[in-house]
Amino acid sequence: MSKADLSKQPAQVAAMFDQVSTRYDRTNNVLSVGNAALWRVATTRAVAPRAGETILDVAAGTGTSSASLARNGASVVAADFSAGMIDVGRQRQSGNPFIRFVQADAMDLPFDDDTFDAVTISFGLRNIVDPKKALAEFFRVVKPGGRVVVCEFSQPPLAPVRAGYSAYLKFGMPVLARVASSNPAAYEYLMESIQAWPDQRALAGWMREAGFERVAYRNLTAGIVALHRGFKPQRQATPVEPVAEPSLENAKPEASADEPAPAKPAAVAKPKAAAKPKTTPKPKTPAAKEKPDAAKPAAAKPAAAKPAATAKPQPAASTPAAPKPKRSTSAGSVSRPASAGPAGSEESASTIPSEGE
């Protein structure tokens with residue numbers, strides 16, 4: 001009987017799962033005390049598969065999780081590193097036209113970029129030598145806007161639950177593994193790998209490092225298991241804008257150099273209206289008005305005040321600056337999708353967690 005260690009060498013892990021493949025699902029149900037089915041339902045809901053979508057189920061094992069994902073008519077590619085698991089899965093799911101089995105390494109997936117609407121992995125990320133590299137591969141093969149869901153053992157946040165769970169892993173699970181499993185030694189590795197696995201926030205941080213946005217998690221069974229989800233950003237939000245903005249900015253100064261010339265006539269036309277003060281010289285009659293009374297020069301003051309009022313239209317010559325705001329708003333309208341798009345709506349749109357990031 002083979003048992004992998006925490007170095008998680010691919011050959012050792014594959015050989016271990018090859019040996020437990022025939023009784024794998026039954027052993028999981030026994031060791032999880034029936035919770036495995038509940039965790040599978042929660043994962044399927046988080047993925048939210050729809051008819052016509054293509055979903056990659058990594059570490060699919062015998063295809064039990066893939067069958068749940070394909071129930072609504074989605075096409076599921078069930079990928080696993082273990083040839084033994086793949087063989088059992090093909091036999092059990094032979095009548096399901098929506099599932100296709102592929103032997104694949106999660107750190108080097110044999111699929112093109114932007115292939116899948118969703119990628120999911122259940123209780124498999126912990127068994128990969130370099131989980132961050134696997135997350136980067138998930139990011140690569142999922143389509144822009146697509147989602148990635150990770151269901152994995154985690155660290156219960158409450159100390160009493162942690163203590164009880166640790167006692168179960170150390171004393172209870174080995175007893176059950178000897179009864180239910182064809183390779184009890186393999187479940188010693190299970191205990192070791194669970195205890196060495198990081199907590200919910202650490203995994204959420206890894207997903208962000210891989211490039212996912214709106215990353216959030218939800219605890220299942222008091223945090224013994226955690227369900228993480230993240231989304232690949234839309235392409236239009238990042239690559240298009242940096243290219244578009246410089247071209248618009250470069251074009252606008254050139255336009256501003258040309259436009260003021262035609263704009264000035266319009267602006268000069270307004271001073272023509274302001275040229276009405278030229279009619280104000282008509283109050284040159286103040287000379288005549290000065291003759292009647294010394295009080296009437298007060299009427300001349302409004303004439304002096306009018307040039308001051310008419311002088312204000314001269315800033316209308318600065319109104320050609322009005323076209324510049326129009327250009328800045330057009331540039332702003334291009335930059336808004338980058339900032340306003342994912343920021344506010346992303347966190348609120350995340351429906352997976354009742355608690356999380």
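The values are calculated or read from the model by the stated rules, or taken from the named source; none is laboratory data. These numbers were taken from a predicted model, which means no experiment stands behind them. Positions of Cβ are generated from backbone atoms using ideal geometry, with glycine treated the same way; all protein chains shown enter the neighbour counts. What goes into the accessible areas is simple: the full protein's heavy atoms, side chains included, and nothing from ligands, DNA or RNA. Shrake-Rupley method; radii C 1.70, N 1.55, O 1.52, S 1.80 Å.
For segment 66-120, how many residues are among the polar types (S, T, N, Q) and within 24 Å of the chain's Cα centre (by Cα)? Full working, then the answer.
Applying the first criterion (among the polar types (S, T, N, Q)) to segment 66-120 yields 66, 68, 72, 75, 82, 91, 93-94, 96, 103, 115, 120.
Now drop any that are not within 24 Å of the chain's Cα centre (by Cα), which leaves 66, 75, 115, 120.
Result for segment 66-120: 4.
For the structure I just gave you, tell me whether Phe98 is surrounded by fewer than 23 Cβ atoms within 10 Å (Cβ to Cβ), modelled with pLDDT of 95 or more and in contact with a helix residue (DSSP H, G or I) (Cβ under 6 Å, 6 or more places away or on another chain). Let's see the steps before the verdict.
On the way: surrounded by fewer than 23 Cβ atoms within 10 Å (Cβ to Cβ): yes; modelled with pLDDT of 95 or more: yes; in contact with a helix residue (DSSP H, G or I) (Cβ under 6 Å, 6 or more places away or on another chain): yes.
Spelling it out, Phe98 is indeed surrounded by fewer than 23 Cβ atoms within 10 Å (Cβ to Cβ), modelled with pLDDT of 95 or more and in contact with a helix residue (DSSP H, G or I) (Cβ under 6 Å, 6 or more places away or on another chain).
Every residue, every condition in (1) open to solvent by less than 60 Å² (accessible area, probe 1.4 Å); (2) in a loop (DSSP other than H, G, I, E, B), yes or no:
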position: Val102; (1), (2): yes, no
position: Ala118; (1), (2): yes, no
position: Arg126; (1), (2): yes, no
position: Val129; (1), (2): no, yes
position: Leu135; (1), (2): yes, no
position: Cys151; (1), (2): yes, no
position: Arg162; (1), (2): no, no
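Screening Val179 against (1) surrounded by fewer than 20 Cβ atoms within 10 Å (Cβ to Cβ); (2) closer than 20 Å to Asp57 by Cβ; (3) hydrophobic (A, V, I, L, M, F, W, C) leaves a single unmet condition, (2). Among the residues of segment 85-100, is there at least one that is closer than 22 Å to Phe212 by Cβ and among the aliphatic types (A, V, I, L, M)? No.
For segment 68-95, the set of residues classified as open to solvent by 10 Å² or more (accessible area, probe 1.4 Å) and either at positive phi or touching a Gly at 6+ places or on another chain (Cβ under 9 Å) (or both) consists of Gly73, Ser75, Asp80, Phe81, Val88, Arg90, Arg92, Gln93, listed by residue number. Would it be correct to say that Ala78 is in contact (Cβ under 8 Å) with a residue 12 or more places away in the chain and part of a strand (DSSP E or B)? Answer is yes for this residue. Of the residues examined, Val41 is not one that is over 24 Å from the mean Cα position of the chain (by Cα), among the hydrophobic types (A, V, I, L, M, F, W, C) and open to solvent by 40 Å² or more (accessible area, probe 1.4 Å).
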